[in-house]
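Asker: Below you'll find the structure I mean.
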Ligand SMILES: *Cc1c(COP(=O)(O)O)cnc(C)c1O
């Protein structure tokens, strides 16, 4: 069989969530049955147990489990009192929710650029956009690698600002070095998402905030249930940000496997790196992901590619599930154009949007599938 037919004969889906379920099938089904029979479906003991395990595994004092990662970001900003007249600086190259929650509170999202190699914003990017109105900085740990937090913390201290980490793609990632802190455990709050495609995925929507500030922890718990401390007595205005007992029970089982899955993802990333280097595609056609800032958990394996859109189409025809996260930076999104963003404002974010391509990445990926992916990329560049 020629290498060309090998790649054509091997479809590689973007994800394989059912395989992930089957790995833990019996344990999950038993737990789902137990929750069904308990009659306790929202919050309660399963949620409390999950929160304890989650905080411990992420190096935070406390965790509050919630309805989604978006709600985790929203609740964090509500707890910090963000509202009309405030500005929050966020990277332009991220998922929409990072900025959407700022606008929903009547505050102004202010967009900054990112590093061209890690795709994360650093202190120098945030600093340019800090004004008297700035209240919060939101570093995003994109694709599973942490932003460089120490200079961002130093900047926030100097300017009297709070930090909310968007760690929705980076559960389990750490700073470099022996004592590197975990993603989400550095800022006043860290937001996590358990959307099914994330590294720790529920069987539906779910999320959490991490915090080591006891007062913020108490406030977050209240905001989750409409700002009420005692039932039907409301001290502040919150929302319904509750998580289902079913999701918490499922996540508690999966959380135990997360370190193994993270190692498998990193091993899969090394296989891609080796195949690409051997293919002769780097650095002319393809730039490999950077591991500059510590332990990367590879939520996504993202290359920069020459003629990216053509390559994306070619892979689609070969039944290889690549993805573009994200094709348009936030300062150029229609709903934010009134804030004055123009093409050319944030060159690294704009270039990233034009060049990034995420290749299939999950613990269950096989050597044969990865070889098929790289072979299909070679065909596109006729190497
Ligand atoms: C997934 C994600 C979110 C939102 O999480 P949901 O659980 O889908 O609401 C926010 N920010 C980033 C960077 C994400 O990847």
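Asker: Which angle from 0 to 90°, rounded to the nearest 10, does the C-alpha axis of helix 69-79 make with the longest principal axis of the chain?
Answerer: 40
Asker: With each run of n ≥ 4 DSSP H residues scored as -39500 (n - 2.57), what mean residue ellipticity at 222 nm is computed for the chain after dividing by its residue count and rounding to the nearest 500 deg cm²/dmol?
Answerer: Result for the chain: -12500 deg cm²/dmol, rounded to the nearest 500.
Asker: Let me ask another. Just to be sure I understand the model, the point goes 7 Å from the Cα along the line to the Cβ. What's the resulting residue 42 to residue 232 distance in nm?
Answerer: Taking the two extended label points, one gets 1.6 nm.
Asker: Moving on to the next point. Using 0.36 nm times the number of residues separating residue 383 and residue 242, minus their current alpha carbon distance, what extension gain do you get?
Answerer: Working: separation 141, 0.36 × 141 = 50.76 nm, distance 5.22 nm.
In short, 45.5 nm is gained.
Asker: Quick one: 230, 314, fewest Cβ neighbours within 10 Å first, how do they rank?
Answerer: 230, 314
Asker: Separate question: Report the calculated FRET efficiency for residue 61 and residue 96 (r = Cβ-Cβ distance, R0 = 22 Å), to the nearest 0.05. Show your work: numbers first, answer last.
Answerer: On the way: r = 30 Å, r/R0 = 1.36.
In this case the efficiency is close to 0.15.
Asker: What is the spin-label model distance, in nm, from residue 264 to residue 367 if the labels are put 7 Å beyond Cα along the C-beta direction?
Answerer: Once both label points are built, they end up 1.7 nm from each other.
Asker: Identify the residues of region 60-88 with backbone N under 18 Å of a label point that sits 7 angstrom from the Cα of residue 214 along the Cα-to-Cβ direction, or state none.
Answerer: 60-64
Asker: Looking only at Cα atoms, what is the convex hull volume of the chain per residue, in Å³? It would help to have the intermediate numbers written out before the result.
Answerer: Numbers: hull volume 53.3 nm³, N = 383.
Cα-based convex hull of the chain, divided per residue, equals 139 Å³.
Asker: Points 7 angstrom from Cα along the Cβ direction at residue 316 and residue 25: gap in nanometres?
Answerer: Placing both labels 7 Å beyond Cα along the Cβ direction yields 3.3 nm.
Asker: Compute the helix-to-body angle for 214-224: its Cα long axis versus the longest principal axis of the chain, expressed 0 to 90° and rounded to tens.
Answerer: 80
Asker: What full-extension length gain, to one decimal in nm, is calculated for residue 343 and residue 17 as 0.36 nm per residue of separation minus the Cα-Cα distance? Write out the running numbers ahead of the final one.
Answerer: Numbers: separation 326, 0.36 × 326 = 117.36 nm, distance 3.71 nm.
In short, 113.6 nm is gained.
Asker: Hey, what's the Kirkwood Rh for region 204-349 if you take every pair of different alpha carbons, in angstrom? The partial results should precede the final answer.
Answerer: Numbers: mean 1/r = 0.0496 Å⁻¹.
Evaluated on region 204-349, it is 20.2 Å.
All of the numbers you see were taken from the coordinates with simple rules; none came from a lab. Quick caveat, the model's predicted, so the values are computed rather than measured. Virtual Cβ from ideal backbone geometry, glycine too; neighbours counted across all protein chains shown.
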